[in-house]
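J.: Following this message is one structure expressed as structure tokens.
The values are calculated or read from the model by the stated rules, or taken from the named source; none is laboratory data. Given the structure is predicted, the values throughout are model-derived calculations rather than measurements. So basically every Cβ, Gly included, is an ideal-geometry build from the backbone, and we count neighbours across all protein chains shown. With ligands, DNA and RNA removed, areas are computed over all heavy atoms of the protein, side chains included. Shrake-Rupley method; radii C 1.70, N 1.55, O 1.52, S 1.80 Å.
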Amino acid sequence: MLLPQDSGQTPQAVSYRWLTGAEDFAVLSGGAATAPDSTTFDGWGRQEDQEEAALWQARMVEIDTGLAPGRSEHERGFGPETTLAQRCAAMSARLAADGIRCSAHTLADKRRTWKAAGENAAVLLPRTRDKRPGGFTDPRCLAAMQEVVAGRAHDSDVTIELIREEVEDLLRSRYPTELDDPATAAALLPSRSTFYLRMKESGLADVMAGPTRARAALSATPSLPHGGREAVLRPGQVTQADTTPLRILARGDDGRPTATEMTTLIDVATHGICALMITPIRPHDSESGQAGQATRAIDLTLMLAQAFAPWPVMPGWDPLSAAAASSLPFGALQAADKRFTEATAARPVIHPELIIYDQGSPYVSEHFTSVCDQLRIARRPARKRTAPDKPLVERFFITLAHRFSQHVRHGWQGRSHKKRGRGIDRMPLYTIAELQQMAQEWVALEYQQTPDTGLRDPFRPGIALSPNDMYAVQVARSGYRPMPLSPAQNRFFLLPRWVTPGKSGFMINYRTYQPIAQDAAHYREILLRGGSKLPGREKQWECRFNPYRPERVWLYDHASGTWVTCDFRLRHLLHDPWTADMWQEHAEQHRAAGGSEQDEEAIALALAQRDRRRRSRRPPPKRTGAEPPFQGLEMETEQPSQDPYAGLEEFDLSTLRPRPALPISPMAPPLAPAPAALPVRAGVEQDGGQAPHPLDALFVAADTSGGPPEVSGSGAPDEAHEVVEAELLDEPGSGADDDSYEEADNVIDVWEEHMPGGMQP
């Protein structure tokens, strides 16, 4: 391919052999020509495309000139006397012989396009056409097909022919005039073969062939909202929230084992945990009529409150869980937000801007919606039964089970009821508050500081970052703006109740609340007004309370924008912490016993006695008895171990003989020889006529001069002392008496012969 210097001309394809073999060919300069525009060689990216374009270029040159590039003679059918149509027909016949179907008219069109593009070979490549979805079938027919298949999602399976009949009936009911006209009916309702083809191409045939459960789940899955996923560039831009069972038994308020579940808010940009909340769950009891318990809107509100404030380091936590000891920019955060202290946990404060949540009842409640509106948090529901809409929080629950839950031995129930351990409810279980603190410490100590392969810095792509590292990278670019909320602002996030104040106070769930001494004057002023005068709430006032701390509530004065603090009238009777659920439980028990739910004094006394009984109750019985034997399968090895003592008879220890002791030095002379029989010690009487002990001959009377002991009865020289001196004084290599070694052997034999039972001397 020759590139002209003039940009107005097009590249020319010539044979390299002809170019270099020409007489006037010469290399004028070594510089390369400027590369042409990329649009000139569109479709030339792959080597296969370049080879195919070169083949079509040679064919077009031969059709146009009658002479193939690199050849000096004309092929048959391409001579000077042939016309353009004849050369196209000859090229078509040649391609047909090679197995390529291309008519003469197609070749003429290719040549015409090639000449119009300045003999550019790129236009000769086949263009990939964008496949039209549904072909030429009317879009209204495709929509009717999807509607009919979706309507059959919960029914038994049927054939495609029945689907076609229902689609035709649906179209006739909607477009009767168009189907009566034969010209438009063919376009609106395709033929039977085309209908089957469209069902297969659209995937509806595979949907109909699947099980009913899969078809029902697919029909309940709407399309992705807001056109797809967006790019996340800063912390808190997109967050994901979900609730899942924790599979850890905890000790409930009544001291009994209760199941738990966790709600988590995770940031998409940093994969960090913004907040988490552990709550007890209890199924509905049909026999007693006791209502069930699960995560509620107030739990989600308390979870959001964690996201707007730093976590404190609780007593007993690891020192490495502090923010000052982590990779967070602690100095910059402390300068921007005074709430960051040395006792702040290593978990960044991330303000959520958008929450993607499942369509559970707490997330769509009016209270949670109003709280998000006050905090200016956008909400986006995920599709039902579509885990990929919030994949990070779904994956976090798996990580939680592997790295936290299964390590809580007291209460861990396993991943399913089939793998649940025995006696879990009899273990010393943790309370909900203890589990909450343990989970928060694990997040600050391990999760936030563990590298994640999905977190990368564009300037350091080879290094996996932890959530805290990723937050440090992004907060330097996006910045951090603290949003501290005052106690008065936080009270708007509690549960609302509309009450009617009176002289003796007001009631919430049959509990009477009265103002404290500091706010008594403000409360009397509210009574003098006669009502709030709000639209729809003439005599009622707004009150906020926390169901987990119901001993104190706050009455809101809309005129002055202040709060009136009120306490429970019988608060002095309840010294232990209590909740609204515990009060409701005892109220139902009191009503079942024939009392009234409005008798708050009796309910308060029963609640106080319950706490006393719980503290004095005996602990649950422990499991007693022998441990059951292991009943698993025996493991088979390739080479079973052999018992080296198998087949040996029982050994008699009385026949064991001692091994002779080695001399102190190899060069030392042996001990003095001993007689064949040891004589009886002189002057010693035998007790009871028994034989003398063999060692009695060694215990002779010591010499008064302090010399070595003498052996009596044999006339042997006293050489024991001399042997020791010889060992200390003789030099190596000095001659030794050879007879002394034989005498030492005799002494050893005699010693072993008289040893009782092989006793070591």
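J.: Looking for whichever is part of a helix (DSSP H, G or I), among the acidic types (Asp, Glu), in contact with a helix residue (DSSP H, G or I) (Cβ under 7 Å, 6 or more places away or on another chain) and closer than 30 Å to residue 218 by Cα here; the options are 441, 394. Which one fits?
T.: 394 is the lone residue from the list that is part of a helix (DSSP H, G or I), among the acidic types (Asp, Glu), in contact with a helix residue (DSSP H, G or I) (Cβ under 7 Å, 6 or more places away or on another chain) and closer than 30 Å to residue 218 by Cα.
J.: Just checking, does segment 481-490 include any residue being crowded, with 17+ Cβ neighbours inside 10 Å and either touching a residue at least 24 places away in the same chain (Cβ under 8 Å) or more than 30 Å from residue 332 (Cβ to Cβ) (or both)? Steps first, please.
T.: Going residue by residue through segment 481-490, those that are crowded, with 17+ Cβ neighbours inside 10 Å are none.
Checked against the condition, which is being crowded, with 17+ Cβ neighbours inside 10 Å and either touching a residue at least 24 places away in the same chain (Cβ under 8 Å) or more than 30 Å from residue 332 (Cβ to Cβ) (or both), segment 481-490 yields no hits at all.
J.: Hey, another quick one. Quick check on this structure: which one of 336, 323 is more than 15 Å from residue 241 (Cα to Cα), small (Gly, Ala, Ser) and either open to solvent by 10 Å² or more (accessible area, probe 1.4 Å) or more than 28 Å from the chain's Cα centre (by Cα) (or both)?
T.: Going through 336, 323 in turn, just one is more than 15 Å from residue 241 (Cα to Cα), small (Gly, Ala, Ser) and either open to solvent by 10 Å² or more (accessible area, probe 1.4 Å) or more than 28 Å from the chain's Cα centre (by Cα) (or both): 336.
J.: Further question: Hey, among the residues in segment 497-515 that are open to solvent by 50 Å² or more (accessible area, probe 1.4 Å) and in a strand (DSSP E or B), which one's farthest from residue 267 (Cα to Cα)?
T.: Among those residues, the one meeting the criterion is 514.
J.: Right, something else. Looking at segment 68-77, can you tell me whether even one residue there is polar (S, T, N, Q), at pLDDT below 90, open to solvent by 40 Å² or more (accessible area, probe 1.4 Å) and in a loop (DSSP other than H, G, I, E, B)? If you could, list the steps in order and put the result at the bottom.
T.: Within segment 68-77, the subset polar (S, T, N, Q) is 72.
Checking which are at pLDDT below 90 leaves us with 72.
Restricting the remaining residues to those that are open to solvent by 40 Å² or more (accessible area, probe 1.4 Å) gives 72.
Now narrow it down to the ones that are in a loop (DSSP other than H, G, I, E, B): 72.
Checking segment 68-77: at least one residue is polar (S, T, N, Q), at pLDDT below 90, open to solvent by 40 Å² or more (accessible area, probe 1.4 Å) and in a loop (DSSP other than H, G, I, E, B).
J.: Looking only at segment 423-433, which residues are touching a residue at least 12 places away in the same chain (Cβ under 8 Å) and either in contact with a Phe, Trp or Tyr (Cβ under 9 Å, 6 or more places away or on another chain) or farther than 25 Å from residue 358 by Cα (or both)?
T.: Applying the first criterion (touching a residue at least 12 places away in the same chain (Cβ under 8 Å)) to segment 423-433 yields 423-432.
423, 424, 425, 426, 427, 428, 429, 430, 431 - these are the residues of segment 423-433 that are touching a residue at least 12 places away in the same chain (Cβ under 8 Å) and either in contact with a Phe, Trp or Tyr (Cβ under 9 Å, 6 or more places away or on another chain) or farther than 25 Å from residue 358 by Cα (or both).
J.: Determine which member of the set 137, 177 is among the hydroxyl-bearing types (Ser, Thr, Tyr), more than 30 Å from residue 50 (Cα to Cα) and surrounded by 13 or more Cβ atoms within 10 Å (Cβ to Cβ).
T.: Working: 177 fails: surrounded by 13 or more Cβ atoms within 10 Å (Cβ to Cβ).
Matching residue, one of 137, 177: 137.
J.: Can you work out which of the residues in segment 322-357 that are of a type in the set (Asp, Glu) and under 19 Å from residue 275 (Cβ atoms) is modelled with the highest pLDDT?
T.: First, the residues of segment 322-357 that are of a type in the set (Asp, Glu): 337, 342, 353.
Add one more test, that the residue is under 19 Å from residue 275 (Cβ atoms), and what stays is 337, 353.
Numbers: 337: 91, 353: 94.
The extreme case among them is 353.
J.: I'd like the full set of residues that are out of contact with any Lys or Arg (no Cβ under 7 Å at 6 or more places or on another chain), open to solvent by less than 90 Å² (accessible area, probe 1.4 Å), assigned to a loop (DSSP other than H, G, I, E, B) and at pLDDT 50 or above, limited to segment 26-67.
T.: Those that are out of contact with any Lys or Arg (no Cβ under 7 Å at 6 or more places or on another chain), open to solvent by less than 90 Å² (accessible area, probe 1.4 Å), assigned to a loop (DSSP other than H, G, I, E, B) and at pLDDT 50 or above: 26, 29, 67.
J.: Conditions first: (1) open to solvent by 100 Å² or more (accessible area, probe 1.4 Å); (2) at pLDDT 75 or above; (3) not in a helix (DSSP H, G or I). Residue 658 passes all but one, so which condition is the exception?
T.: (1)
J.: Moving to a separate point now. From (1) without any contact (Cβ under 8 Å) to a residue 40 or more places away in the chain; (2) in contact with a Ser or Thr (Cβ under 7 Å, 6 or more places away or on another chain); (3) open to solvent by 70 Å² or more (accessible area, probe 1.4 Å), pick out the condition that doesn't hold for residue 571.
T.: Single failed check for residue 571: (2).
J.: Out of segment 453-479, which residues are open to solvent by less than 50 Å² (accessible area, probe 1.4 Å) and not in a helix (DSSP H, G or I)?
T.: 455, 457, 464, 465, 466, 479
J.: With respect to residue 207, is the statement that it is in contact with a Lys or Arg (Cβ under 7 Å, 6 or more places away or on another chain) and open to solvent by less than 70 Å² (accessible area, probe 1.4 Å) true?
T.: Yes; evaluated as a whole, the condition is true for this residue.
J.: Anything in segment 366-385 that is open to solvent by less than 20 Å² (accessible area, probe 1.4 Å), outside any helix (DSSP H, G or I) and more than 16 Å from residue 237 (Cβ to Cβ)? List them, or say none.
T.: 382
J.: Could you check segment 550-564 and list, in sequence order, the residues that are open to solvent by less than 20 Å² (accessible area, probe 1.4 Å) and either in contact with a Leu (Cβ under 7 Å, 6 or more places away or on another chain) or within 23 Å of residue 604 (Cβ to Cβ) (or both)? Lay out the reasoning, then the answer.
T.: Initially, segment 550-564 is screened for residues open to solvent by less than 20 Å² (accessible area, probe 1.4 Å), giving 550, 553, 555, 557, 564.
If the condition is that a residue be open to solvent by less than 20 Å² (accessible area, probe 1.4 Å) and either in contact with a Leu (Cβ under 7 Å, 6 or more places away or on another chain) or within 23 Å of residue 604 (Cβ to Cβ) (or both), then 550, 553, 555, 564 are the ones that fit.
J.: Exactly one of these conditions fails for residue 360: (1) modelled with pLDDT of 90 or more; (2) outside any helix (DSSP H, G or I). Give me its number.
T.: (1)
J.: Moving to a separate point now. With the checklist (1) touching a strand residue (DSSP E or B) at 6+ places or on another chain (Cβ under 8 Å); (2) on the phi < 0 side of the Ramachandran plot in hand, flag the one item residue 411 doesn't pass.
T.: For residue 411, the exception is condition (2).
J.: Also, I was wondering about something else. For the subset of segment 516-549 comprising residues that are at pLDDT 90 or above and of a type in the set (S, T, N, Q), which member is most open to solvent (accessible area, probe 1.4 Å)?
T.: 518
J.: What pairs can you find where one residue is in segment 107-133 and at positive phi and at pLDDT 70 or above, the other is surrounded by 10 or more Cβ atoms within 10 Å (Cβ to Cβ) and of a type outside the set (Lys, Arg), and their Cβ atoms are less than 6 Å apart, with a gap of 6+ or different chains?
T.: Partner pairs satisfying both residue conditions: 118/10.
J.: Next question. Looking only at segment 256-270, how many residues end up being open to solvent by less than 30 Å² (accessible area, probe 1.4 Å) and either in a loop (DSSP other than H, G, I, E, B) or more than 14 Å from residue 239 (Cβ to Cβ) (or both)?
T.: We begin by selecting, within segment 256-270, every residue open to solvent by less than 30 Å² (accessible area, probe 1.4 Å); these are 258, 260-267, 269-270.
Going one step further and asking which of them are either in a loop (DSSP other than H, G, I, E, B) or more than 14 Å from residue 239 (Cβ to Cβ) (or both), we end up with 258, 260-262, 269-270.
Count: 6.
J.: Restricting attention to segment 574-585, which residues are touching a residue at least 60 places away in the same chain (Cβ under 8 Å) and of a type outside the set (D, E, K, R)?
T.: If the condition is that a residue be touching a residue at least 60 places away in the same chain (Cβ under 8 Å) and of a type outside the set (D, E, K, R), then 578, 579, 580, 582, 583, 584 are the ones that fit.
J.: Further question: Are any residues in segment 473-519 hydrophobic (A, V, I, L, M, F, W, C) and out of contact with any strand residue (DSSP E or B) (no Cβ under 9 Å at 6 or more places or on another chain), and if so, which ones? Break it down into steps so the answer makes sense when it comes.
T.: Of segment 473-519, the ones hydrophobic (A, V, I, L, M, F, W, C) are 473, 475-476, 483, 485, 488, 492-495, 498-499, 506-508, 516-517.
The answer is 475, 476, 483, 485, 517.
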